[in-house]
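Below is one structure, written out as structure tokens, with a few remarks after it.
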Amino acid sequence: MGTGGQIGSAVDLLTRFVLAVLATWRVTHLLANEDGPADVIFRLRRRLGEGLIGSLMDCFNCMSIWIAAPLALFVSTDPLTWALSWLALSGGACLLERLGVASGEAAPQSPPLEGNDDVLR
């Protein structure tokens, strides 16, 4: 097989990786931050309570690790590539989540370093 096959397989791998990152972010965001259709996720989260699994559903970063594991099989079934893809998918989803917070919501403001809050400078 010539270079055309290698380029095609690299593009296929990249496409699969990007799709898997987006899917990891979407499912993780749904489970960790949304109520879901007809409040299904909200009721599930409430039923799980404060236990290990319930607290896992409140943490985007923690949840993305577990969501990324099966989606990494979409990228590769080779054990080493799967393991690296697993971590990379979770990392990609976490980066997307941080980008969304930075551009879509007001980030927490740090307190002023000195002076009175009532005085404009």
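Protein heavy-atom accessible surface, 1.4 Å probe, per residue over the stretch 1-90: 64 Å². Applying 1/(1 + (r/R0)^6) with r as the Cβ-Cβ distance of ALA23 and LEU44 and R0 = 25 angstrom yields a FRET efficiency of 0.80.
Report the full-extension gain for the segment ASN61 to ILE7: residue separation times 0.36 nm, less the Cα-Cα distance, to one decimal in nm. List each step's numbers first, then the result.
Values: separation 54, 0.36 × 54 = 19.44 nm, distance 3.29 nm.
Difference between extended and current length: 16.2 nm.
Tell me whether the stretch 18-107 comes out rounded, prolate or oblate; compute the Cα gyration tensor, take square roots of the eigenvalues as a ≥ b ≥ c, and use a/c under 1.5 as the rounded threshold. It is oblate, given that a/c is not under 1.5 and a/b is not larger than b/c. Taking all protein chains together and rolling a 1.4 Å probe, VAL40 ends up with roughly 80 Å² accessible.
The values are calculated or read from the model by the stated rules, or taken from the named source; none is laboratory data. Keep in mind it's a predicted model, so treat the numbers as computed, not measured. Using ideal geometry, Cβ is built from the backbone for each residue, glycine included, and neighbour counts are taken over all protein chains shown. Areas reflect the complete protein model, heavy atoms only, side chains present, ligands, DNA and RNA absent. Shrake-Rupley method; radii C 1.70, N 1.55, O 1.52, S 1.80 Å.
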